[in-house]
Amino acid sequence: MSHPLATIKHMAESSTFQFANTVRTLSAVAREKGYKAPTFRGPPNLGEHSRTLRRNSDGSITISVVFRGRAWLSTLSDIVEGFVIANSHIKEAHQLRDLLWSVIEEREIAKDQGPRQVSQNHPLHSAA
């Protein structure tokens, strides 16, 4: 039987990998469609917040998100809204949200085991 601390460490590594993989996947899709992808990190320095935003001097945006010890769907929502904030110049934010949520659904990122790659035979579809 494995040691309880080893299980906790594995869970932390899994959530870190899941967060990074999700951000990487959504960033690639967003850029491919002409949207900006913010920088993501976690967790925020301000402990009482689940998401924080920093506008950098070069105009880029860094979004910090809590992804350990909270519902994965809440984290996904914060990631999607981070993209919307980074693209605040667009009038139709719902198109970006729809695109990202369709990727989340199609690649089954909403499940706790992390993103799954979609074969080349199944292109992405979006209302965007």
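Return the total of residues in segment 39-73 being among the polar types (S, T, N, Q) and surrounded by 14 or more Cβ atoms within 10 Å (Cβ to Cβ). Write out each step before concluding.
Quick first cut of segment 39-73, residues among the polar types (S, T, N, Q) only: 39, 45, 50, 52, 56-57, 60, 62, 64.
Then keep just the ones that are surrounded by 14 or more Cβ atoms within 10 Å (Cβ to Cβ); that gives 39, 50, 52, 62, 64.
Summing the residues that are among the polar types (S, T, N, Q) and surrounded by 14 or more Cβ atoms within 10 Å (Cβ to Cβ) in segment 39-73 gives 5.
In segment 19-38, what residues are in contact (Cβ under 8 Å) with a residue 40 or more places away in the chain, surrounded by fewer than 18 Cβ atoms within 10 Å (Cβ to Cβ) and of a type outside the set (Lys, Arg)?
If the condition is that a residue be in contact (Cβ under 8 Å) with a residue 40 or more places away in the chain, surrounded by fewer than 18 Cβ atoms within 10 Å (Cβ to Cβ) and of a type outside the set (Lys, Arg), then ASN21 is the only one that fits.
Here are some residues: ALA127, ALA110, ALA30, ALA37. Which one is at pLDDT 95 or above and not in a helix (DSSP H, G or I)?
ALA37
List every residue pair whose Cβ atoms sit under 9 Å apart, with the two residues 6 or more apart in sequence or on different chains, where the first one lies in segment 78-96 and is touching a residue at least 40 places away in the same chain (Cβ under 8 Å) and the second, anywhere, is part of a helix (DSSP H, G or I) and among the hydroxyl-bearing types (Ser, Thr, Tyr).
Partner pairs satisfying both residue conditions: ILE79/THR22; PHE83/SER27.
Please tell me if TRP72 is out of contact with any Ser or Thr (no Cβ under 8 Å at 6 or more places or on another chain), modelled with pLDDT under 95 and on the phi < 0 side of the Ramachandran plot.
On the way: out of contact with any Ser or Thr (no Cβ under 8 Å at 6 or more places or on another chain): yes; modelled with pLDDT under 95: yes; on the phi < 0 side of the Ramachandran plot: yes.
Spelling it out, TRP72 is indeed out of contact with any Ser or Thr (no Cβ under 8 Å at 6 or more places or on another chain), modelled with pLDDT under 95 and on the phi < 0 side of the Ramachandran plot.
The values are calculated or read from the model by the stated rules, or taken from the named source; none is laboratory data. Computed from a prediction, not measured in an experiment: that's the story for all the values here. Note that we place each Cβ from the backbone using ideal geometry, even for glycine, and neighbour counts take in every protein chain shown.
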